Ligand SMILES: NC(=O)c1ccc[n+]([C@@H]2O[C@H](COP(=O)([O-])OP(=O)(O)OC[C@H]3O[C@@H](n4cnc5c(N)ncnc54)[C@H](OP(=O)(O)O)[C@@H]3O)[C@@H](O)[C@H]2O)c1
C-alpha cells in the first residue's frame with residue numbers, strides 16, 4: 001500500500017511516499033481502507049518532536065510509528081476472527097491516538113479502539129476530523145468544565161478546529177457564546193451560532209467588562225493570570241496548549257481550592273474506551289444537526305509536506321484533511 005513515512009523528526013521534508021506491506025488483522029483487529037485522514041496542528045508537533053516531553057509517547061530519538069496521522073474515516077475491508085462489532089463493508093471513523101498510521105491507504109485498529117460506525121449523513125471529509133477538534137472541545141467544555149445551560153462562555157481561537165467545534169458544542173448545551181477571532185471570520189462564526197464576536201487584532205478580550213463562567217482558550221494564546229479578572233467567582237480558564245504556566249496555575253488553583261480554576265488536559269492521552277464514549281456522545285449531537293465541521297483545505301496523500309507547511313502557519317480555518325483515496 002502507499003503510505004507517507006517519516007523515519008526521523010524534522011521539517012516537512014522528512015515525509016517520503018513509500019510502498020509498505022499491508023498488515024493483516026489479528027483476532028481482535030479491524031483493517032480499514034482509509035478514504036480521508038485528518039491533518040491537525042498536533043501532527044506538526046509530532047513531526048518536529050516538540051515539545052520534547054511528547055517524545056515520551058511518540059519515540060525518544062525518532063518516531064516510534066513512522067506513518068503519521070491519527071484521525072481517519074473509511075471502510076472496513078477485513079476483520080479478525082473474534083471481531084463482533086464490525087463486518088467487512090462497514091463505514092467507520094475514529095482515531096488511532098498513539099498508534100498513528102492513518103496517512104496510508106490502510107490502517108489496523110483493535111476492535112475496542114476509538115472506532116465507530118459512521119452515520120450515513122456524515123461525510124468522510126468531516127468524520128475524519130472528529131477525533132481532533134470535536135473530541136477535544138467536548139473533553140474540555142463538557143467533561144472538565146461541566147458546562148450547563150445559560151452559562152457564558154468565551155472561546156479564544158474560535159475559527160480553528162477546536163474553537164469552531166467548541167462553539168457549536170457550547171451552543172448545543174445552551175450556553176451564551178462569545179467567539180474571539182479575526183474580523184474576517186465573524187460572519188462564519190455567527191452562522192455557527194456565536195452570540196457575540198471579538199476581533200483579537202483590535203480588542204484585548206482579557207480587558208472585557210463582561211464576566212464569563214468559562215474562558216476556553218482553544219489556541220493557548222492567553223493565560224489564567226490575564227483571564228482571571230473576566231471569570232465569574234466560580235469560573236474556569238481552560239487552555240489546550242501545554243505550557244509551564246497552565247500546569248502551574250492548574251496545580252495552584254486545585255491546591256488552594258480556589259473557586260476560580262485553571263485546567264489543561266491532553267485529550268489524546270485519555271483511555272480508548274473514554275474517547276469512544278465521548279465519540280458516541282458527539283455523534284448524538286451531530287445527528288441532531290447541531291455539529292458541522294468547516295473544511296478549510298484538502299490535500300492528496302502525496303502532498304503531505306505541502307499540507308504541513310499550511311498547518312504551520314497557525315491560520316487554518318476549521319479543519320484540514322488528507323484525501324487518501326482518490
Ligand atoms: N490539549 C489537547 O487535548 C489538544 C487537542 C487538539 C488540539 N490541541 C491544540 O489546540 C490548538 C488549536 O488547534 P486548532 O486546530 O483548533 O487551531 P490552529 O490551527 O492551531 O489555529 C487556527 C486558528 O487560530 C487562530 N489564531 C491565531 N492566532 C491567534 C491569536 N493570537 N488569538 C486568537 N486566535 C488566533 C486563527 O484564527 P483567525 O483566522 O481568526 O486569526 C486560526 O483560525 C493547537 O495548538 C493544538 O495543538 C490540543
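The values are calculated or read from the model by the stated rules, or taken from the named source; none is laboratory data. Bear in mind the structure is a predicted one, so any value in this text is a computation, not a measurement. Note that each Cβ is placed from the backbone with ideal geometry, even for glycine, and that neighbours are counted across all protein chains shown.
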Inset, instruction - May I ask you to verify whether residue 236 is over 26 Å from residue 193 (Cβ atoms), in contact (Cβ under 8 Å) with a residue 24 or more places away in the chain and assigned by TED's automatic domain parsing to the domain that holds residue 215? - result: no
Legend entry - Every residue from region 143-156 that is in contact with a strand residue (DSSP E or B) (Cβ under 7 Å, 6 or more places away or on another chain) and assigned to a loop (DSSP other than H, G, I, E, B): 145, 147, 151
Inset, instruction - State which residue is farthest from the chain's Cα centre (by Cα) when the search covers only region 305-326 and only residues that are part of a loop (DSSP other than H, G, I, E, B) and away from the ligand (no atom under 13 Å from the Cβ). - result: 326
Legend entry - The one condition in (1) within 16 Å of the ligand (Cβ to nearest atom); (2) surrounded by fewer than 20 Cβ atoms within 10 Å (Cβ to Cβ); (3) more than 30 Å from residue 184 (Cβ to Cβ) that residue 278 fails to fulfil: (2)
Inset, instruction - For region 36-71, name all the residues that are more than 16 Å from the ligand (Cβ to nearest atom) and either in contact with a strand residue (DSSP E or B) (Cβ under 6 Å, 6 or more places away or on another chain) or in a strand (DSSP E or B) (or both). - result: 36, 63, 66, 67
Inset, instruction - Just give me the residues in region 179-197 being closer than 13 Å to residue 152 by Cβ and either surrounded by fewer than 24 Cβ atoms within 10 Å (Cβ to Cβ) or not assigned by TED's automatic domain parsing to the domain that holds residue 261 (or both), in sequence order. - result: 195, 196
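Checking the structure you have, find out if any residue of region 164-186 is more than 12 Å from the ligand (Cβ to nearest atom), in contact with a strand residue (DSSP E or B) (Cβ under 8 Å, 6 or more places away or on another chain) and in a loop (DSSP other than H, G, I, E, B).
Checked region 164-186: at least one residue is more than 12 Å from the ligand (Cβ to nearest atom), in contact with a strand residue (DSSP E or B) (Cβ under 8 Å, 6 or more places away or on another chain) and in a loop (DSSP other than H, G, I, E, B).
Condition check ((1) more than 14 Å from the chain's Cα centre (by Cα); (2) part of a helix (DSSP H, G or I)) across all residues:
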residue: 237; (1), (2): yes, no
residue: 241; (1), (2): no, no
residue: 245; (1), (2): yes, yes
residue: 248; (1), (2): yes, yes
residue: 251; (1), (2): yes, yes
residue: 257; (1), (2): yes, no
residue: 263; (1), (2): yes, no
residue: 274; (1), (2): yes, yes
residue: 280; (1), (2): yes, yes
Legend entry - Breaking point among (1) within 15 Å of the ligand (Cβ to nearest atom); (2) more than 18 Å from the chain's Cα centre (by Cα); (3) over 14 Å from residue 240 (Cβ atoms), for residue 222: (3)
Legend entry - Any hit, region 132-142, residues being more than 13 Å from the chain's Cα centre (by Cα), away from the ligand (no atom under 11 Å from the Cβ) and either in a strand (DSSP E or B) or surrounded by fewer than 23 Cβ atoms within 10 Å (Cβ to Cβ) (or both): yes
